[in-house]
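Report on one structure; see the data block that follows.
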Amino acid sequence: MKIQEGLTSIRGVGEKTAKLFARLHISNVGELLEHYPRDYEKMEAPVSVSALTPGRVCAVKAAVIGTPQITRVRSLVIGNVQAGDATGLFRMTFFGMPYLRSILKPGSVHVFRGLCQAEQAGKAQRASLGVPAPGGLQPARPLRMEQPAIFSAEDYAAIQDTLQPKYALTKGLTNRLMIRTVRSALEGLDERMLEEFLPEALRKEYDLIPWLEAVRRIHCPADVGELAAARRRLSFNEFLAFFLGLARLKGENGERKVTRPMQAVPDTGRLLKGLPYRLTDAQLRVWKQIEEDMAKETAMNRLVQGDVGSGKTILAFLALLMCAANGRQGCLMAPTEVLAAQHFEALNRLCEEQGLCIRPVLLTGSTPAGEKKRIYRAVASGEYNVIVGTHALIQEKVEYRDLALVVTDEQHRFGVRQRESLADKGEGTHVLVMSATPIPRTLAIVLYGDLNVSILDEMPVGRLPIKNCVVGTAWRPKAYSFIADQVRAGHQAYVICPMVEEGEMDGLENVLDYAKKLEAALPEGIRIAVLHGRMKSAQKNEIMEAFAAGKTDVLVSTTVIEVGINVPNATVMMVENAERFGLAQLHQLRGRVGRGSAQSYCMFISSNENEAVMKRLKILNDSNDGFFIANEDLKLRGPGDLFGVRQSGELDFRIGDIYRDSDLLLKASALAERIVSGDPGRKDRQLAGLYRWEEEHLDPVDFRSI
């Protein structure tokens with residue numbers, strides 16, 4: 001079996017099943033094998049009820065006591081049942097399982113595996129969630145499980161003491177089917193398709209196992225040691241591909257010459273004096289760097305990093321003003337239409353208030369066709385000197401009269417190639433990129449190898465610090481009550497879940513079901529909307545615009561709202577399964593609130609309350625400084641931190657993590673530099689396999705990158 005073959009070549013996969021895999025963008029054997037597990041479970045021996053520990057995932061062999069009680073709260077089906085053994089009882093709650101009575105019959109014995117939690121005492125709290133008081137005997141210890149996995153004793157015995165992979169799934173595709181399909185693919189794989197490309201000497205130098213062995217172990221690890229070795233090798237592959245691709249781009253671009261250097265203009269000084277606030281010392285320092293860059297004979301390539309609210313946008317506006325005052329064109333590219341529109345409105349307002357020489361226009365994918373044609377003509381003639389938009393700015397039809405400056409906001413949302421495509425629409429174009437994602441400077445210098453890095457490490461005076469709390473799931477009723485109070489006070493709230501729909505991964509909250517739970521828990525009349533990355537762009541924009549306009553009270557979303565929306569009226573951010581995210585990403589999510597004059601709050605709900613997890617999350621309690629948090633994250637997370645935490649958002653690696661694998665990242669960078677500078681003609685026969693792999697695995701048009 002070859003990696004290019006379709007999934008139906010795998011034993012047991014028919015057309016119907018292949019369509020389910022296609023929803024995960026898996027169409028062939030190679031893509032299946034690159035669909036790495038999200039997590040792994042150590043299937044430990046079942047314990048007695050008396051040995052259940054709150055805050056831990058446990059397996060317990062118990063008998064069902066009584067008939068499951070099914071209730072409906074609006075559109076949500078809630079099932080409650082008790083189970084126990086000779087040592088005690090516990091309660092289980094299931095959501096969206098109306099068929100529960102046919103599975104859990106009185107007296108039947110099963111193995112239940114899930115997160116054990118302290119039971120909520122009191123009728124009022126149960127009633128607030130639509131949960132009836134359990135009948136019969138009261139549990140000896142007040143413990144419960146929500147949505148535990150259910151096994152027969154025989155099925156659980158077959159997997160006991162193993163590491164079981166957990167994959168990202170979609171509705172209709174179970175984890176068991178995914179495991180079976182992956183293992184069938186590995187058994188039938190033609191080993192020549194994953195021919196080793198790193199010389200043995202290099203593998204020894206970097207302590208890496210062979211590529212094929214790593215692929216087998218990542219899906220079927222015998223123990224944690226095998227898993228760590230597999231992750232290390234596959235992460236190294238990703239990092240090496242990234243840095244080789246970046247080196248290739250740097251070689252292609254070289255140093256761009258500017259034929260007409262710009263001059264400092266009095267317009268920027270007048271704007272600084274006319275603003276109703278004074279720039280911080282950090283903003284003034286970075287503006288001076290930008291101004292000097294734009295006056296040079298070589299094109300600017302600068303990254304401005306700073307927390308949300310540190311004042312990056314006004315620096316972008318100053319650079320665009322300098323460009324316009326020099327008689328040139330500039331553009332500002334944002335990752336979403338909502339954010340592009342907000343930038344355009346802010347720039348328009350500033351132009352009217354301060355009488356600037358900027359003539360701005362907004363261009364996005366949803367701009368009507370007739371209006372687009374008019375804008376194309378006006379941009380080509382120079383009628384507009386600042387163009388704000390999304391990816392629409394890099395379309396072939398867009399021709400600029402004299403493009404001299406490209407600003408990209410939330411820069412990690414655009415590939416290097418996209419940034420370069422826009423810069424190539426001018427001659428010797430200056431590039432300014434902005435990011436609110438804090439990365440420790442040691443990593444930023446390597447990751448942004450083609451950019452000079454400026455850091456805004458100071459916040460404007462007068463911003464109210466966000467009040468934070470890190471709590472367990474037992475705190476949810478209070479959190480719901482607090483959200484309701486904030487909505488009654490005229491504010492709005494975000495609730496973040498790690499998954500989109502049920503079945504993607506056991507034990508994690510998903511936005512579709514959580515919105516129903518929230519609807520049942522919150523008072524009637526509170527308007528709830530759902531947002532996730534699988535929606536079409538037009539639908540996402542409509543939902544975000546409605547929230548920004550105050551037409552929605554609570555937005556239940558995945559991390560798709562990490563960037564691209566600015567709602568000053570939102571005062572609450574609640575993150576479910578907070579332990580599943582890296583600290584820097586949690587800080588990014590927190591940055592969605594605290595944008596207005598009202599006090600804002602962030603609640604991190606952890607379903608894992610062990611000491612190490614809570615200690616890591618409580619760093620967010622102690623600081624609102626993104627760079628401090630990023631550095632603490634770097635200290636805490638090492639190569640041994642394999643489970644449950646994945647930093648996403650900044651770089652879209654399948655398995656590598658820039659924080660957890662920072663040592664590997666630096667080594668891959670050094671090797672790429674060694675290869676590029678030491679063998680520019682690619683004649684080293686020992687590296688022939690690596691060069692073949694590079695050609696096959698690096699898309700010359702766009703590769704995974706910053």
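A few points about this structure:
- Residue match in the stretch 332-344 (condition: without any contact (Cβ under 8 Å) to a residue 60 or more places away in the chain, outside any helix (DSSP H, G or I) and under 34 Å from the mean Cα position of the chain (by Cα)): no
- Inclusion of PRO639 among residues that are of a type outside the set (D, E, K, R), at pLDDT below 55 and open to solvent by 40 Å² or more (accessible area, probe 1.4 Å) is warranted.
- Only one of the listed residues (PHE317, PHE236) is of a type in the set (A, V, I, L, M, F, W, C), modelled with pLDDT under 95 and in a helix (DSSP H, G or I). That residue is PHE236.
- For LEU279, the criteria (1) open to solvent by less than 20 Å² (accessible area, probe 1.4 Å); (2) within 23 Å of ALA392 (Cα to Cα); (3) outside any strand (DSSP E or B); (4) not polar (S, T, N, Q) hold in every case but one, which is (2).
Yes or no, residue by residue, for (1) of a type in the set (S, T, N, Q); (2) touching a strand residue (DSSP E or B) at 6+ places or on another chain (Cβ under 8 Å):
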{"site": "ALA153", "(1), (2)": "no, yes"}
{"site": "LEU163", "(1), (2)": "no, yes"}
{"site": "TYR167", "(1), (2)": "no, no"}
{"site": "THR170", "(1), (2)": "yes, no"}
{"site": "MET193", "(1), (2)": "no, no"}
{"site": "LEU198", "(1), (2)": "no, no"}
{"site": "GLU205", "(1), (2)": "no, no"}
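- Close contacts from the stretch 251-263, counting a first residue that is over 10 Å from LYS296 (Cα atoms) and a second that is outside any loop (DSSP other than H, G, I, E, B) and modelled with pLDDT of 85 or more, with Cβ to Cβ under 8 Å and a gap of 6+ residues or different chains, come to GLU255/THR298; ARG256/THR298.
- Annotation note: Cβ proximity below 7 Å between a residue of the stretch 193-207 that is under 14 Å from LYS667 (Cβ atoms) and a residue that is modelled with pLDDT under 90 and open to solvent by less than 20 Å² (accessible area, probe 1.4 Å) (sequence gap 6+ or interchain) occurs for LEU198/LEU690.
- Of the residues making up the stretch 60-80, those that are open to solvent by less than 60 Å² (accessible area, probe 1.4 Å), at pLDDT below 95 and among the β-branched types (Val, Ile, Thr) number 5.
- Scanning the stretch 106-155 for residues that are open to solvent by less than 70 Å² (accessible area, probe 1.4 Å), modelled with pLDDT under 50 and among the charged types (D, E, K, R) gives a single hit, ARG126.
- Residues considered: VAL49, VAL57. Of these, the only one that is open to solvent by less than 30 Å² (accessible area, probe 1.4 Å), under 25 Å from ASP161 (Cβ atoms) and aliphatic (A, V, I, L, M) is VAL49.
- When residues in the stretch 394-434 are screened for being touching a helix residue (DSSP H, G or I) at 6+ places or on another chain (Cβ under 6 Å), polar (S, T, N, Q) and modelled with pLDDT of 75 or more, 2 of them pass.
- Any pair with Cβ under 7 angstrom, 6 or more apart, that starts in the stretch 435-455 at a residue that is more than 15 Å from VAL286 (Cα to Cα) and at pLDDT 75 or above and ends at one that is outside any loop (DSSP other than H, G, I, E, B) and open to solvent by 30 Å² or more (accessible area, probe 1.4 Å): none
- Odd one out for ALA83, checked against (1) modelled with pLDDT under 95; (2) in a strand (DSSP E or B); (3) open to solvent by less than 20 Å² (accessible area, probe 1.4 Å): (1)
- ALA295, sole failed condition from (1) surrounded by fewer than 19 Cβ atoms within 10 Å (Cβ to Cβ); (2) more than 20 Å from ALA404 (Cβ to Cβ): (2)
- First in the stretch 94-116 and closer than 17 Å to ILE65 by Cβ, second anywhere and of a type in the set (Lys, Arg), Cβ under 6 Å, 6 or more apart: VAL111/LYS61
- Of residues in the stretch 672-688 being open to solvent by less than 100 Å² (accessible area, probe 1.4 Å) and in a helix (DSSP H, G or I), the one nearest to PHE236 (Cα to Cα): ALA672
The values are calculated or read from the model by the stated rules, or taken from the named source; none is laboratory data. Note that the structure is a prediction, hence the values are computed from the model and not measured. Methodologically, a virtual Cβ is constructed for each residue, glycine included, from the backbone with ideal geometry; neighbour enumeration extends over all protein chains shown. Please note that ligands, DNA and RNA were not included when accessible areas were found on the heavy atoms of the full protein model with its side chains. Shrake-Rupley method; radii C 1.70, N 1.55, O 1.52, S 1.80 Å.
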